[in-house]
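The values are calculated or read from the model by the stated rules, or taken from the named source; none is laboratory data. This is a predicted model, so every value here is computed, not measured. All Cβ positions, even for glycine, are placed from backbone atoms using ideal geometry, and neighbour counts span all protein chains on display. Areas reflect the complete protein model, heavy atoms only, side chains present, ligands, DNA and RNA absent. Shrake-Rupley method; radii C 1.70, N 1.55, O 1.52, S 1.80 Å.
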Amino acid sequence: MHNLNRYDGEPIMTMIENRRNFNVKVTRDHCKNGGSPKSHTSMINFRITKTIFKSGKITTIAVIAMFIANIANAQVGAIKQPANQRSIKTVYPTKDWVISDFVVTDSRFGAKASPGFDNRAAFQAAIDAAYNNGGGVVYIPAGNYEFRNTKTATKSVRVRKGTEEIMKDFDYQYVLNLPSSVQLRGDWANPELNKGKVLGTILEVRVGKNAPNYNGTVESWWNDSQAGNALRTTYTSIADRFIDMNSGTGVTNLSIWYPEQDINNIKPYPWTLFQPGGDCATIENVTLVNSYNGFYSAPSELHYVLNSYMTALSTGIEVHVCTDIGRIENVKVDPKYWANSGLPGSPSLAKISAYTKANGTGFNMHRSDWEYVSDLYVSDYKTGMWVGKEPGFADAPNAQFYEIHIKNCETGIYVQAVNPYGLLISNSTFEAAKGGNAVYFYNDFKTSVQFNGVDFTGPIVSDGSDGVISFEGCTFSDYSEYGLKINNGNVLLTQSEFKKPGGHVFLGSDVNTLKSVNSGYNGKLEIKNDSKSAKVEINNSKEYLFDPIPKKIVTDIKVHPKPASNKVFKVDLPRATGFNNEQPTEDVSAQLQKALDEVKAAGGGTVYLPGGRYLLNNPIKVPSGVELRGTWDVQHHTQSGGVGILTTYAGGAAGEKGPSLIQLAEGAGIRGITIAQLNLATDGYSPANPRTTPFLVQGQGAGVYIVNLTIGGGDKGIDLASYNTSRHYVDYFAGVLARAGIWVGGGAEGGFIRNMQLNPHYGSRLPQGGQGYPRVALTRFIQSNCSALKFADIKNQTIFNNFVFGSFYGIHFLKDAITGKNPGEMTVVGHGSDGCSYSLFVEDADKNTKIVAINSELVNTRTAEPVRSYVLMGGEANTNKVHPDARLILYNTAFWGSPTVGAIINSGTVRFQQANFQRSGAPAIDNRGGKVHVYSSYFAQRMPGEANGDNVYAKLHTTNVSTELTNNYYISGFRENNAKQGKIYGSDIVPDKKGDSQ
């Protein structure tokens, strides 16, 4: 085997780094639609400043030549006998087995958990070795590792000098730089399970105290591809940082501590973790003991912070210009993590809390085009969450917030501004400190925020200039003067409870509308109306009662799947390597199958593929108790490189009905790999007519699992429908598929589909040098042909935080082809369909079908299809494929884009329990054969002209249907087209009931 990492005992990248200056020039592609990534690159230019000597013989030219030779290396032959070993033994429990070829304390790197020893060079040597080897995990055993110096890098920024644009270089300091495909991993003890103690791998940062550039920015310019390349003014960060996280990197299972920080004399430090651009930076199982600023992401895509804990003295997490789904999940920001750490010099909780309540912000979100935030906890900060515009221009975020819990903060959530698509906030709590506000809306707010199932402690104050704030199933308690103090705009209150008999709502002079249904204290809502001309409607009636949003929904598995045995079989198969565009040439399917079978025979375990690209041209089957694993411990993009399985397999003589390329037996899994179909658009096929193939991966029994799998271009993704795969687990499946993403059925029970991320840019953004991956642009095709998520006969299924851009059907429910049964009851949390022709389609449903969706964003864009809608319930009017009593219930939804019709209801019963129809379609609700209930919703699209034909918000046909419209706000007033008088009904139809208090 050729060794790409070492030259005469020293990693090549380390040799260069120790004797270089370098510039970093970063440009980004902000396009979500899979367009050319011509500006989405990160380029490092090395300048060798002096000749490099090794034993007095090696010249600069020789080093450069060796470096080029290494990265150009294309094919690696096989070693006959794979390495049979065990995973790395950790002190503390892990959700998976730890596998790493790069342990920082190995003699070739030289890291030491010793006082006074600076580990920067040793860690960077291990990181560079992993990068040169095609990616992987750099492992840090338990212990305290000190960092005492920095390196200088240069960022080239587009600035203006008068009316001219120039590129100007700015220096910044960093300690560690993670290049694409590399992950840092330690041995981590969850402080929540260890009485707050910080144990295991601890990185001690002893540099950067009071750094003048701890949060530096410069005014800059960029063209926004999502706004017609409009020229934007913004502020680009040139701040110093501890760890620079480039595209496709991870920091997991470790703690970071600043031993020299003094609670009695707080000094700023640079950002601890910094994502400067690109895709896929992951932070998992990390404790930030006492960071000044925690994690910074800008401008970037696909950040993922999960299962992490932090005390941040200034800002916990800050996001700017995220143009594809960022995720924050199960993150806690609290002074207690420093106070209870057990580390030397840890202050009292009272002292830290006093500081953070005067100075700190838990989560700071500027522009993010669709952020998923769930299970975020912030306690004892000045501001729990801040949401608003980008510095320098007006772009603001939209987001889904689920299970957000803010406690004892001066302001629970501060809403400066939101884009028109709005915020969806469900099943959350916002608690203000004494004298504070649970929620505050600044004057720039003028769009939509929806609260569903939210408990407020302390007042909600709005100084917003317009827009709609809606509350459904909420509670209000412990406010001093008024629960709601609204000075402008519009408010909808639905089935919400005030815990005090008085002081419910204050309406300032410029309020436009207050509408309330079944809200107040014991059925009575007290209003102080100081408005000039507010329209006030109060309705209390049992006929408007409904089931509130479901609570306590389990969104992740309790015990993550992994092989029962920690045996690791590291195979060394023929593969292509290096930063070139060469593809592997030798099919490894027989050798890989042999290794899988041998691990099975040995009692199970992991077959591990080192970095590189492997050709797999015949199907393989992963046996029970065996995991096929690559170099990725975290989610990743095609452009991140790492382990790739490339294939031209198309099903053989059976074509797309042939066996899947990778088959998973009961209890088998696949993790940390990228797959790409080389011949999807070759040999007579094209992006407009891609090749049909079988599913790339198929589950064939219960308990199969698929984790951190990326498809860089394929026809069909994961088949969990042909067999009963009860208890299946899929977490972070990403990529681009032409015809099918994940299809689930077969009578499966208790499965999880989490964090699916489908977007055409996984086929068009390639890794450094290409690395043999085909570039394929499938957007047009998939919008007319793909069914991204299909659910048939399943029960007790968890469907959480999935996203698809570009599909004919975004999420699709239908009769099971195997069992013949229809979908049962299921709950979908945080689903997103963007750029789809039909964002949600219920094709088949019986009387027992009940689909509940919470925090959905359903979006249409202009596709080639003549009809586009957010919701399609039944394929045609009065279809017998959807039972009249089949139920689809959408709690807290955002609809936007370019629909021709908002929702088409052909049969069944559909409830819209709080929605923002930012673009309504014409009509918005087209009821052709079912029952529809619309509550607490905002119809934001203006409809000029007469209210007739389709130019209405609600249209009812002559078939046996009805539509209820209760407690909604219509920007152009109520507009209907009713073919059956009396069948459009609800509180919006009855005469107004006005009053200052009732």
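Quick notes on this one:
- Every pair of residues 6+ apart whose Cβ atoms lie under 6 Å, when the first sits in region 149-161 and is of a type in the set (Lys, Arg) while the second is modelled with pLDDT under 95 and buried (at least 19 other Cβ atoms within 10 Å of the Cβ): LYS155/VAL24; ARG158/SER220
- Complete set of residues in region 341-365 that are part of a helix (DSSP H, G or I), open to solvent by 20 Å² or more (accessible area, probe 1.4 Å) and not hydroxyl-bearing (Ser, Thr, Tyr): LEU349, ALA350, LYS351, ALA354, LYS357, ALA358, ASN359
- Those strands (runs of 3 or more DSSP E) lying entirely in region 394-486 with at least 2 residues of a type in the set (D, E, K, R): 398-415, 429-441
- Of all residues in region 904-914 being touching a residue at least 40 places away in the same chain (Cβ under 8 Å) and either of a type in the set (A, V, I, L, M) or not in a strand (DSSP E or B) (or both), the one that is farthest from LEU840 (Cα to Cα): GLY908
- If you go through region 714-757 and keep only what is closer than 18 Å to ASN801 by Cα, hydrophobic (A, V, I, L, M, F, W, C) and touching a residue at least 40 places away in the same chain (Cβ under 8 Å), you end up with ALA734, VAL736, ILE742, TRP743, VAL744, PHE752, ILE753, MET756.
- When residues of region 141-194 are limited to those that are aromatic (Phe, Trp, Tyr) and more than 26 Å from ALA339 (Cα to Cα), the one farthest from the chain's Cα centre (by Cα): PHE170
- Out of THR900, THR966, sole residue that is touching a helix residue (DSSP H, G or I) at 6+ places or on another chain (Cβ under 7 Å) and either under 27 Å from SER533 (Cβ atoms) or open to solvent by 40 Å² or more (accessible area, probe 1.4 Å) (or both): THR966
- Subset of region 861-871 [touching a residue at least 40 places away in the same chain (Cβ under 8 Å) and open to solvent by less than 10 Å² (accessible area, probe 1.4 Å)]: SER869, TYR870
- Scanning region 548-600 for residues that are over 30 Å from ASN427 (Cα atoms) and of a type in the set (D, E, K, R) gives LYS562, LYS567, LYS570, ASP572, ARG575, GLU582, GLU586, ASP587, LYS594, ASP597, GLU598, LYS600.
- Residue within region 559-574 that is among the aromatic types (Phe, Trp, Tyr), open to solvent by 30 Å² or more (accessible area, probe 1.4 Å), touching a helix residue (DSSP H, G or I) at 6+ places or on another chain (Cβ under 6 Å) and modelled with pLDDT of 95 or more present: no
- GLY684 being in contact with a strand residue (DSSP E or B) (Cβ under 8 Å, 6 or more places away or on another chain) and at positive phi: no
- Restricting the first member to region 79-106 and to residues that are in a loop (DSSP other than H, G, I, E, B), and the second to residues that are at pLDDT below 95 and surrounded by fewer than 14 Cβ atoms within 10 Å (Cβ to Cβ), the beta-carbon pairs closer than 6 Å and six or more apart or on different chains are ILE79/MET1.
- For the residues ALA853, ALA845, ALA817, the requirement of being farther than 21 Å from SER722 by Cα and out of contact with any helix residue (DSSP H, G or I) (no Cβ under 9 Å at 6 or more places or on another chain) singles out ALA853.
- Verdict on ASN229 being in contact with a Pro (Cβ under 8 Å, 6 or more places away or on another chain) and loosely packed, with under 15 Cβ neighbours inside 10 Å: no
- Unique residue being open to solvent by less than 10 Å² (accessible area, probe 1.4 Å) and either within 17 Å of the chain's Cα centre (by Cα) or aliphatic (A, V, I, L, M) (or both) when the list is ALA748, ALA777, ALA817: ALA748
- Applying the condition of being open to solvent by less than 30 Å² (accessible area, probe 1.4 Å) and not in a loop (DSSP other than H, G, I, E, B) to region 513-533 and asking which residue is nearest to GLY973 (Cα to Cα) yields THR513.
- Taking first residues from region 978-990 that are under 18 Å from ILE538 (Cβ atoms) and partners that are open to solvent by 60 Å² or more (accessible area, probe 1.4 Å), the Cβ contacts under 7 Å between residues at least 6 apart in sequence or on separate chains come to ASP988/PHE974.
- Restricting region 541-558 to residues that are among the hydroxyl-bearing types (Ser, Thr, Tyr) and assigned to a loop (DSSP other than H, G, I, E, B) leaves a set whose member that is most open to solvent (accessible area, probe 1.4 Å) is SER541.
- Flag for ALA339 being aliphatic (A, V, I, L, M) and without any contact (Cβ under 8 Å) to a residue 12 or more places away in the chain: no
- Residues of region 491-511 that are surrounded by fewer than 23 Cβ atoms within 10 Å (Cβ to Cβ) and touching a residue at least 40 places away in the same chain (Cβ under 8 Å): GLN495 alone.
- Test: residue in region 371-385 that is surrounded by fewer than 23 Cβ atoms within 10 Å (Cβ to Cβ) and among the basic types (Lys, Arg): yes
- Region 887-899, residues that are touching a residue at least 60 places away in the same chain (Cβ under 8 Å) and outside any strand (DSSP E or B): none
- Some residue of region 320-340 being closer than 19 Å to PHE441 by Cβ, of a type in the set (D, E, K, R) and open to solvent by less than 10 Å² (accessible area, probe 1.4 Å): no
- Of the residues TYR145, TYR131, TYR139, the single one that is in contact with a Leu (Cβ under 9 Å, 6 or more places away or on another chain), open to solvent by 20 Å² or more (accessible area, probe 1.4 Å) and either of a type in the set (Phe, Trp, Tyr) or free of Cβ contacts under 8 Å to residues at least 40 places away in the same chain (or both) is TYR131.
- Exactly one residue out of GLY655, GLY703 is more than 29 Å from the chain's Cα centre (by Cα), farther than 24 Å from GLN591 by Cβ, of a type outside the set (Lys, Arg) and open to solvent by 10 Å² or more (accessible area, probe 1.4 Å), and it is GLY655.
- Qualifying position, being hydroxyl-bearing (Ser, Thr, Tyr) and farther than 26 Å from SER640 by Cβ, among SER833, SER787, SER764: SER787
- Checked against the criterion of being of a type in the set (D, E, K, R), in contact (Cβ under 8 Å) with a residue 12 or more places away in the chain, touching a Gly at 6+ places or on another chain (Cβ under 7 Å) and not in a strand (DSSP E or B), region 837-845 contains one or more residues that satisfy it.
- Counting residues in region 411-420 that are touching a residue at least 12 places away in the same chain (Cβ under 8 Å), polar (S, T, N, Q) and surrounded by 24 or more Cβ atoms within 10 Å (Cβ to Cβ) gives one or more.
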